[in-house]
């Protein structure tokens, strides 16, 4: 039955490989359940409601992608957009999260219309490849910066706007976990 549903032989795979891939994908994406509620709660949203919505959106998205489209990709809410939503639209611009979500709803309708008329594809193809990579890297650095601020590693500085914390005096505040995260970032970079 699994073979018939997922066409494993046609895709040159087996049940063991798919189960290992599923476990790996879950472990890779599970962070979204902790990070997304923390980011969106800054806008005033209830942490538990965001946790449930994140889990449900991920399950529905992956079910549709895996079962209906037979496409083995994990789907979950995007942190770059959610960080922009919380920190820029709600905090900096001062809109309520309810109003901002209504704007996201309208944007979703516009996106569906653009997708149905192939305008979205034309816009996507018009963007140079280097700019696409640059946008992805910029979103990644933005999320990294927010994480380093929340960990207490990056702090405000009157001379340079931001600076690293003084680890000698703030070791207990920042904590060993934040220091290990910073070492991990340096090793990855």
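Relative contact order of the chain: 13 percent, from C-alpha pairs under 8 Å at least 6 residues apart in sequence. The C-alpha atoms of the chain define a longest principal axis, and helix 97-116 lies at about 40 degrees to it. Classified by the C-alpha gyration tensor, the stretch 41-137 has an oblate form. Its axis ratio a/c, with a ≥ b ≥ c, is 1.5 or above, and a/b does not exceed b/c. With angles folded into 0 to 90 degrees, how steeply does helix 47-63 sit against the dominant principal axis of the chain? Use alpha carbons for both and round to 10. Result, in degrees: 30.
Principal axis extents of the Cα atoms in the stretch 88-132, from largest to smallest and rounded to whole angstrom, are 34, 26, 8.
Taken along its three principal axes, the alpha carbon spread of the stretch 96-171 comes to 58, 35, 21 Å, from the longest extent down to the shortest. Calculated [222 nm] ellipticity per residue, helices only, for the chain: -20000 deg cm²/dmol; basis is -39500 (n - 2.57) per DSSP H run with n ≥ 4, divided by all residues, nearest 500. Round to the nearest 10 and give me the degree value, 0 to 90, for the angle of helix 32-41's Cα axis relative to the longest principal axis of the chain. Approximately 50 degrees, to the nearest ten. The candidate values were (1) 59; (2) 43; (3) 29; the one computed from these coordinates for percent of Cα pairs over 28 Å apart carries the label (2). Based on C-alpha pairs under 8 angstrom that are at least 6 apart in sequence, the stretch 55-108 has a relative contact order of 22 percent.
Readers should treat all values here as calculations from the given coordinates under stated rules, not as data from a laboratory. Treat the numbers as computed from the prediction; the structure is a model and nothing was measured.
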